[in-house]
Every structure is written in C-alpha cells, then in structure tokens.
C-alpha cells in the first residue's frame, strides 16, 4: 500500500486544481521559502481528519480556503483528495484503490467521502487506525516538530508506541465499551426506579375502575341530552340561512347588469387606447425624421464653414511660397563665386607637399641606425642581469633552506619536549580514570541494591493499595445495594401508609399510639415475637385481635376512645390486661397428629402472657391449618393481603433501621479506609518515583562507567602513540643538523661568483646610457618634422571639405527652385476643389430647410387629433368610475348578507364539529340515534355538575392496569438483558486489556532493540535505551528515552544539541517503521538541523527504508534531493498562488547516461 496521488483545490495557497502523482520510493518537494511547500503537508493532515486549526497554522478552520490575492477572488470551497493503492488490502476495504476526500465550504459545512461515497469523519479515522496514518500517528512529521517525540511527556510518547503496536483500535474499542458500561449502569438504576413506581401504580388502579364505570354511565346520558340540544340549534340555523339567501338573490342580479355595462365601457376604452398608441407611434416616427433633417442641416452648415476656412489657409500658403522663392534666389547668387575661390587655393597649396616629405624620410633613417646599436647593448645588459638574477635565486634558495632546516630543528626539539610532558600527563590521567572507574562500579552496586529495595517497597505498597481498593469497591457495591433496598422499602412503606390512611381502624390505632395516653402499650402485633415462617398461622389464630391496642386498664381504653371521638376520625379495638382471663385446661384436640399449640409459636413479655394465653386457648395448628374451638382455617401457604400495612409496616421500618445502621457502619469503615488507600498509593507512587530516579541514576552511572572505560582505553593508546612520536622526533633532529652544515658551505661559494658578475654589469650600463641619450635627441628632431608634415596635410583636407560642402549647397538650392512651380499648381487645384464642395453644400442646405418646414406642419396636425382623442378617453373613464362606485355599494350589501350566511354556516359547522370532536358522530347519525330523546336542559346541567363533582377519573384503568403489568414484566426482562450485557462488556474490556498488554510489550521490546541499533548507526557509536515508567502497569505506563552520544557524559535529552535531538528522534521514528511500517511518511525539513555528515547518514537510512515505506520529503538540502526518485518543485509565479512542477529523476538520469548514436 502507498499513496498514489494527491489532489488539492482551493486549499490555502493552491488556488488552481493541482494533482501530484506519487510513486513508491523517495519523493522530494523543493522550493524557496514561503512558496507553499508546507501547505502540501497541511493538506495531507487535513484530509485524514485534522481538526485543530492551530496545527494547520491558521487562525480558524475557515481560513484553509484560498483567501484570494490582489488579482484573484477568494474561493468558496477547499478540497483535498488522497488516492491509495490498496492491492495489499491493508485498508479494511475490498477495493484495489481507495480515495479519501474532504471538502469545506465558507458556509462552515464539511463533507467527507470514501471512493466518492459520503461518510463521517469517524469512518475515515477508524479506517486509518493502526496504519501509522492519522492525526496522532508517526507518518507525518511537521516542520520543526521532529523533536516533539523528545519534548513530549512519557505518557504522550506512549501513544506512538500504541500506534506502532496496532492497539489504537483496541484502545478505541475499550473506551467505547467503557462508555457503554456506564450507560448500562445508568439504565439499570433508571429501570429500578421505574419498576418501583410501576408497582405502586398497579396497586392504585384497581379502585379507580368502579368510579370510572359510574362516571361512564353519567356521561352516556349526558351525551344524549347535549346532542339533542345541539340538533335543535342546527334546525334554527338552517331557517335563518334560507331567509338570508332570499335577500341575496336580487343584489346578485343587479351586480351582473352593472358588470355587463362596465365591460362595454372597458372595451371602448381599450380600442381608443390602441388608436392613441398607434397615433403616438406615428408622431414619434415623424419627430425622429425631423430630428434627422435638423442634423443633416447642421452638418451642411458645418461643411460650408470648413470650406471657407480651408480657402483662407490656401491663400496664406501661397504667400509663404513666394517668400521662400525670393530667399532661394539670394542664396544662389552668393554660393557660385565662393566655389571658384576655394578651387584656386587648393591647387596652389598641393605644390609644397613633396619637399616636406623628403626631409621627414632622412631623419627617420638616421634614427633607425641608432636604434639598432641600442638594441644590441640592451640585449647584452639583459643577459648579464639574467645571470645575476639566477645567482641571486640560488643564493636565496640556499638561505631559505638553511632557515627552514634551523626552524625544523627547533620544532623537533619542542615536539620532543611536548611529547615528554604529554607522556607524564597521560600517565597521571590513567591513574585518575582507573580510580574513577572503581568508584563508579562501587556506586552502581549501591544503586542496584537501593533500587531493588525501592521496588520491593513499591510492590508492597501496591499490594496494600489493591487490597484496600478491593475492600472499598466491596463497600461501595454493598452501599449501592443497600440504597436500592432502602429506596424499595421506603417506597413500599410510603405506599402502604398512604393506603392505610383510607382504613378507619388503621387511622384510629395510629392516633391512639401517638396520643401519649397513659397505660397504652402498643398493638399486640408489635408486643409479640413471631418467627417469619409462623406469621400466617398466628395471623389466622389471633385474627382481628393481632392489630388491637393493648391497655393496662379499661380506663385507659375509654380515654383513648374519647380521644378518637374528639379527633372525629378513626376507630380502634382494645385488649385490657387487667381483664385477661385465666388459662383454661388443655382440650382434647391435642391428641391430633402433628398438633402444636399456637402459644408455643409465640414469645412475649411475662406481663402479656395471660392475655395471649386467653386469646389462644384451645387453638392449635396442624400443618398449615389452624384449629379453634369452633372454627378452622387453611389453604395455600402464600397469602396476599389487601391490607399490607398491618403486617408489613413494622417489618419495613425494622429493615430500614437495620439498613441505616449497616450504611453508617460501612461508611465509617470506608472513610477510615480512604486515608489508608491514599497513604498506600502515595507510598507506592513515592517508591515508584524513587525507583525510577534510582533506575535513571543507575543507567547514568553505568553509562558514565562505560565512558570512563573508553576514556582509559583512549588514554593508553595515546600514551603508546606519544612514546613512538618522541623517538621519531629525536631521529629527525639528528638528520636536520647534518643538512644544515652542508647548506652553509654552498652559500659561501655562490657569494664569490656573484661579486665578479657585478663589475661586468656596471661597464655595460654606461654604454647603454650613452646610446639611449643619442636615440632620444634624434627621435625629438624626427617628431618636429613629422608634426610640420601632418599640419600641411590637415590644411589641404580642410580646403577639400569646405569645397565639397559649397557644391552640395548649390545642388540643394537648385533642386528647391524646381519644386516651387509644383507647389504653386497643387495649391490652385485644392482651391478649386473646396469652392465646388461649398457650392454643393449650400444647395443641400436649401433642400433640407424646405423638407423641415413640411414636416413641422404635419406634426401640428397630428397633435390636434391626439388632443381630441384624449378628451374622449377622459369621458369614458368617468362613466366607468360611476359604474364601479355603484358596483362597490352593491358588493358591500352582498358582503354583509354573505357574512351573515357564513356566520350561520360557521355556527352550524361548529355544532357539527362539536358533535364530531366530543362525541364522534355526524349530524345525520345524531338524528338517527337521538331524534326521539326529549332533551331537558336542567337534567343536562345536573349531569354536568355530577360529572364535574366526581373530578378526574381514570376511565382506562383496566387497560392501564394490563399495560402497566406488561410493561413491568418487560422492564424486568430488560434488567436481565442489561445485567448480561454488563457482564459481556466487562469480559470484553478484560480481553481488550490482555491483548493491549501483550501487543504493547512485544512492540516495545522490538522498538527498543531497533532504537539502540539505529541510534548507534546514526551517531557512529554511543548508547541509547527506552525505559518504561511503570513496568507493572502496561496499560498506563509512559516511555522515557535515555541517550548517550559518543564521547559525552550521560545527560538529559533536553540538554542535547539541536542536531542530536533530531537524530535521536529520527532513530526512534525509524524504529517504529521497522516494527510497523507506515504506508507513507511525510517529513517537512526534518534534515534542517543536521550537518553534512549526518545528512549522509539520514539519506542512507531513508534509502534503506524506502523499500517498505514511501517517503515524501520537503527539503532545502542538495544531498537529500540527490536521493530522490521524483522531484517536485513548488513556486509562486503569481504572488499568493502556489504552482507545482515535477521531474522524474530516475528517468532523467537514464536519459543523461544513455549513449547517443553518432551521425555519419
């Protein structure tokens, strides 16, 4: 899979549609700063879903649309399309080619397409998950952001590892499952509340049915009465409508007659309007003709005036021609004598030139003889000087060699002394480094022991935190369960208490118990202790006495009765302890099989035992049946009561009290555990932080120890090298001293030879100077003769030039004289032509004046006719206005009658609509059903009052009961489904976590190995490593980077230079490509911080990886350009508009190296 093409239109500076075909391998994009190269990268990011306008370097997302220039308008839409080759099916679509398109409009609407099918942004992002392509992936590296992977936090750096591990989709699924799980919890809580409310509603619906039936009976009778009254109203409306229709008929007839008359008038007006229009058009044509005649008249007058002006101009030209002719004659009279004078003077001066020429040639011959002698002397002097220079050169060369040899002797001695000092210094440094290595080894051992101790502390703290967290989770789960049970019990208690308010005995008992009357002990039910399994049989045995109030004396009971009478509500049964009977003898029934006294199933205070014994005398149970002296009860074991408030109130209150107590205990325990959990977590975090700090210190120490070992090895190698160089320096000193002595001897011999040559050179110099003086004298004499000859020749040439100019002037004047006659004839011809044109224009002007007068007469006649027709039109319009006024008056009367009819019809329709809306019956059906009913208005009012007094009654109680029951069962099934879904989601999250941990760990280990390898390759040595911040928590751990460039101590990555940071980041990114190659990688000036050597390594690396990943590189570096298969250039021929040009470098190279055939 690779990026096959990129299309940009209206995005940022790309105003025109640009298509960039791409191939596997390396593609470079080059161009000057500010031409729009980085906009190509921004278009790729934007197309795959980037939503941050800051990341796109714009003030808002709308600004990515081309904003226009001084010569171009702004675009209304921006569009980018990316086409991928998907033969490998890496994208989860069954297409061999996939095109992703994104559009944005100035209306702030966006559209997304996959293969021209509209989709969501979420679909595009999910399609690119785990491919390395995406807004959070490692496929696109912005300008200046190659170091972001280093400057980001350890947790942010983890996202790149997740993308490389292919767990991004699992992470997205886990987050989605978490959201679904939260929704399931909310739905469960909502359903629990709804089911409680439904249960209460179901119990209330039963009593409402009877009231609904009675109200239904009243409503049926009321319906018949009201419909009968409405039928009477309808008949009255029909009679009124007939009477109004009779009044309307003559009005309509009169309106028809007026309409016919108005139509005739309108026809006459239309015919007259047409005639007026035609006459107006004829008048317009006539006026246009008059205007044309007037225009021609003005033109004729203009031609006459122009002709007169041209005649005056010709007269002026004729006068000027006469003046020129007189001036020409005067010049001809002067020029001819001057020519004869110049010819005579030239002939006289040409005779003296030969004598001057002979004198000059004799002087030149004498000068040539002296020059030959001087050249011979110069050659001899030059040869002597050359010999002297060669002698001087040899002497200087030997002197230089002597100086160099002496300097070399000094240098060798200095080098020897320096090497001896270096040997001593290196020996001392070796001793210091060996001691430092031992110190670092000891520190590593101490750090390792301390690190292991901190890891044990962190593990213990984490185990304690997990234990406390599990207990708190259990408490939270139990508290949630308690809250649900308490809400259920409270709701149930409230419901049964509300139901009990309608029971007179219940109200009476609660009134007595809350009155504070002395001697009142409480209800018998609450004074007895009964096991749950015996409650049904005890209820049967005690019957109505179970909810009676126990009093000490009859006076207390009487006081309570008076109290209830005073309140005006409630009734109560009383059991008086002082009147309790003595225990009777055991009846014969005890011999029955499985018989058990009811008294044995009850426990109570001794004070109440006589009373209970008297009540249960002769009562026993056998199985589920209860037998008394003259009665027996039995049946099914499950009993449903219509009055649950008697037996359930106490149980519910007891359960609520117990739940409150348990809640308080659990919250107390939870509040006590929370500080312990925080303490354990803080201890674990502190131990973890210390452990990570110690781990980093340990690695730093180990790295420093390795560096010290390298330094020790280098120092020892330097020591051996220095000793060898010292021996070489001693040998060089001895050789240089021998060479120095030989050079001094050669220099003395050359000095003696040079002195002899100096005497010979002085004699030649004197002879040479004498010859030079003679040559200068004769040369000066020859120059004077030459100047005289040249002056004579120049004077002759000046005379010849003046003669030629005079002859030329004579010819010009003669030619000008011949043209005067031609000019005079031309002026006469033009004068005759203009006189003819003036005469014809005056004749045409007379014709036009006559035509214009005739047309003005016709125009006045037409204007009179039009005025008469306009007067007729005004009369007809007045008649039409009168008819319209009469029609308007009749229309008002018709409108009043029709309004009355409409009102009657509306009230009749309202009556019919009321029948339809309230009783769903038409008037015809009402007459058929209710015509025989004698409606009584008072009876109808009485029924309305009774229905209103009954208030709101639920008429659909039975149907609602059934619907609520079905809904309750449906909700119960939903709760079961949600619980199953909850379990499934938790299982899915656990599986996703397991897969994420496994894939992340495997990928991290691979990236770590490749990172070390590529780092060493890029830095030509050095060490680097990747460390997990929380190795035991692979789902949340971050990733730290440790880097140790060669020859440097271990430092923080923030202290690295710009180039080192860039190389470290590139090493990590290429490690990701090793593990999970992205289909393509875009780098915007990633090589900018690198020097030449590092650029070479960078280029080798992308060449190596280009076999599996397509690289698109924006660069200014020539080395990077040389590595490209295809080169694109971005330019701005038009300011503000980017343009793209391309070169296939492979093809260009093949064409350049291809051998061309040689033509014959």
Review point. Can we say residue 441 is at pLDDT below 85, more than 30 Å from residue 652 (Cβ to Cβ) and part of a helix (DSSP H, G or I)?
Key: yes
Review point. Under the condition of being outside any strand (DSSP E or B), in contact (Cβ under 8 Å) with a residue 12 or more places away in the chain and under 18 Å from the mean Cα position of the chain (by Cα), which residue from the stretch 59-116 is surrounded by the fewest Cβ atoms within 10 Å (Cβ to Cβ)?
Key: 108
Point to revise | Lone unmet requirement of (1) surrounded by 20 or more Cβ atoms within 10 Å (Cβ to Cβ); (2) more than 14 Å from the chain's Cα centre (by Cα); (3) outside any loop (DSSP other than H, G, I, E, B) for residue 133 | key: (3)
**Study point:** Residue check, residue 986 free of Cβ contacts under 8 Å to residues at least 40 places away in the same chain and in a helix (DSSP H, G or I)
**Key:** no
Check your understanding: Looking at the stretch 724-740, which of its residues are closer than 19 Å to residue 404 by Cβ and without any contact (Cβ under 8 Å) to a residue 12 or more places away in the chain?
Key -> 728, 731, 734, 735, 738
Review point. Within the stretch 1112-1123, is even one residue in contact with a strand residue (DSSP E or B) (Cβ under 8 Å, 6 or more places away or on another chain), over 21 Å from residue 20 (Cα atoms) and surrounded by fewer than 17 Cβ atoms within 10 Å (Cβ to Cβ)?
Key: no
**Study point:** Residues within the stretch 616-633 that are assigned to a strand (DSSP E or B) and under 18 Å from residue 529 (Cα atoms), tallied
**Key:** 2
Practice item. Looking only at the stretch 1039-1076, count how many residues are under 30 Å from residue 456 (Cα atoms) and crowded, with 17+ Cβ neighbours inside 10 Å. Key: 8
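With at pLDDT 75 or above and assigned to a helix (DSSP H, G or I) as the only criterion, which of 725, 667, 760 stands out? Explain how you work it out, then say what you get.
Working: 725 fails: at pLDDT 75 or above; 760 fails: at pLDDT 75 or above.
Sole residue among the options that is at pLDDT 75 or above and assigned to a helix (DSSP H, G or I): 667.
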Review point. Does residue 39 count as under 16 Å from the mean Cα position of the chain (by Cα) and outside any strand (DSSP E or B)?
Key: yes
Check your understanding: When residue 8 is evaluated against the numbered criteria (1) surrounded by 22 or more Cβ atoms within 10 Å (Cβ to Cβ); (2) under 11 Å from the mean Cα position of the chain (by Cα), which criterion, by number, is the only one it fails?
Key -> (2)
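Being under 30 Å from residue 186 (Cβ atoms), in contact with a helix residue (DSSP H, G or I) (Cβ under 6 Å, 6 or more places away or on another chain), part of a helix (DSSP H, G or I) and touching a residue at least 24 places away in the same chain (Cβ under 8 Å) narrows it down to one residue among 978, 880; which is it?
Numbers: 880 fails: under 30 Å from residue 186 (Cβ atoms).
None of the other options fit; the residue is 978.
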Revision key, fill the gap. Given the conditions (1) surrounded by 14 or more Cβ atoms within 10 Å (Cβ to Cβ); (2) without any contact (Cβ under 8 Å) to a residue 40 or more places away in the chain, every one holds for residue 874 apart from (1)
Study note, to complete from the structure: Scanning the stretch 576-615 residue by residue, the ones that are modelled with pLDDT of 70 or more, assigned to a loop (DSSP other than H, G, I, E, B) and over 24 Å from residue 536 (Cβ atoms) total 2
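The values are calculated or read from the model by the stated rules, or taken from the named source; none is laboratory data. On a predicted model such as this, the values are computed, not experimentally measured, just so you know. Positions of Cβ are generated from backbone atoms using ideal geometry, with glycine treated the same way; all protein chains shown enter the neighbour counts.
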